[in-house]
1. Can you name the residue in segment 376-411 that is among the acidic types (Asp, Glu) and assigned to a loop (DSSP other than H, G, I, E, B) and is also nearest to Gly334 (Cα to Cα) among such residues?
2. Residue under question is Gln220, and the condition is that it be more than 27 Å from Ala142 (Cβ to Cβ) and free of Cβ contacts under 8 Å to residues at least 24 places away in the same chain; does it hold?
3. Checking Phe339 against (1) outside the structural domain of Val140 (by TED's automatic domain parsing); (2) surrounded by 20 or more Cβ atoms within 10 Å (Cβ to Cβ); (3) in contact with a Ser or Thr (Cβ under 8 Å, 6 or more places away or on another chain), which test does it fail?
4. Among the strands (runs of 3 or more DSSP E) confined wholly to segment 234-344, which include 2 or more residues that are over 30 Å from Ala380 (Cβ atoms)?
5. Limited to segment 2-30, what total is found for residues that are in a helix (DSSP H, G or I) and either in contact (Cβ under 8 Å) with a residue 60 or more places away in the chain or among the aromatic types (Phe, Trp, Tyr) (or both)?
6. Specify which of the listed residues (Ala79, Ala55, Ala39) is in contact with a Pro (Cβ under 8 Å, 6 or more places away or on another chain) and in the same structural domain as Glu310 (by TED's automatic domain parsing).
7. Can you pull out every residue in segment 279-321 that is on the phi < 0 side of the Ramachandran plot and free of Cβ contacts under 8 Å to residues at least 12 places away in the same chain?
8. Take His188 and tell me if it is more than 30 Å from Pro20 (Cβ to Cβ), surrounded by 16 or more Cβ atoms within 10 Å (Cβ to Cβ) and modelled with pLDDT of 85 or more.
Amino acid sequence: MTEAIKAIRGMNDLLPEQTPIWQKLEQVLRATAAAHGYAEIRLPLVEEARLYARAIGAVTDIVEKEMYTFADRSGDLLALRPEGTAGCVRAAIEHNLLRHQQPRFYYQGPMFRYERPQKGRYRQFHQFGLESFGTPGPYVDAELMLLSACVWDQLGLTSQVQLELNSLGHPESRAAYRTALVAYLQQHEADLDEDSQRRLRENPLRILDSKIESTQVILQRAPVLLDFLDAAARHELNEIERILEHAGVSYRINHRLVRGLDYYNSTVFEWVTTTLGTQGTVCAGGRYDRLVEQLGGDSVPAVGMAFGMERLVLMLQQQQGETAPVEADLILLGQGEFFAQQAMVLAHRLRHLIPDLRVLVHLQGGSFKSQFRRADRSGAELAVLLGEEELQSGSVTLKWLRTQAEQVTLPQETLPQWLHEHWTK
């Protein structure tokens, strides 16, 4: 017997019983982004590897440990995209979308990182990202946070998420903080974990993002970034706080929040939850005013964020429970020599005249009892019966499957009109 091939570890199939909740989430995200003036952009899965080294930072975990890279037949080093912002900026520069414009884009799709798979964290994962260019902070930053609050409201998740906020400051204040942080951590270098010891020399702010408990204990007494902010950065943060308070969106300042990517400056934020264990971040973003210039464009201010789709799906599943997928709104059941022929033609006509009606034809045969069991599993609300009597008389019998309404018999040719008058979806 030939050995079956399985999916790569951490790269999962989304099965039909799972996809309805994904579709609902995607629909809410798309509609909310469009309502805030964002237009869709579709980006390639593969980019030059140097794009991410230049944008994210060569000494970040993503570039050093997690990125899927490979050489193509021309010898060029390519990478599966580990995040969406760098590719979106590259596309905006390449297609001249930023000159004298303030574009807003959204995108969605799979990202790839090599790491230990666990619940809510996979090697192929999905994000819904938004990027806004050309407008300096802090008002677009706050608008993104309010946009995400709209998403939580529509999904019924507001009570399960908390907004955390911080500022990385401008270059001068950030450099002063870096000096103070290094001086403090050098006093405790022997007690830092191995990764943090390396980062102390290469990228010390990344240590604030460490998940190692012993390092977090040391960081409790470390200098606080907010104490080093210049007046402009402090004003931006205060403006965001005022907008959130007036809008009724609760938040808290997280002094250790720096995000794991080097391109961020000034505002950074995360929406976190306690319902998923250690994988608590469900949406995150911040301002990256120097990235466009860093990747070869003009100096353009920018801010963005991304939703983690897998984690949001897990939250929605916890909220709603496991539900069977609905395959059809209406199912055709029947018996007799000419059932399949007439049912297929009738179903085709209904789909043509009522395009949003999901029509399923039961072609497996069997008794009406077994067919009704199949109809119940399909999730359909209405069964159209084509038995021997109906086939001979050119009629159909309609039976509601989810209510106690009486069944109706009527001529086949009047069924589309009857559905228009009685069907509400």
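1. This residue is Glu381.
2. Considered against the rule, which asks whether it is more than 27 Å from Ala142 (Cβ to Cβ) and free of Cβ contacts under 8 Å to residues at least 24 places away in the same chain, Gln220 comes out as yes.
3. Evaluating Phe339 over (1) outside the structural domain of Val140 (by TED's automatic domain parsing); (2) surrounded by 20 or more Cβ atoms within 10 Å (Cβ to Cβ); (3) in contact with a Ser or Thr (Cβ under 8 Å, 6 or more places away or on another chain) leaves (3) as the failure.
4. 251-253, 265-272, 281-287, 302-308
5. Result for segment 2-30: 10.
6. Ala39
7. Within segment 279-321, Gly280, Glu293, Ser299 qualify.
8. Judged against the criteria, His188 is a match.
The values are calculated or read from the model by the stated rules, or taken from the named source; none is laboratory data. Bear in mind the structure is a predicted one, so any value in this text is a computation, not a measurement. No Cβ is skipped: glycine too gets one built from the backbone with ideal geometry, and neighbour counts run over all protein chains shown.
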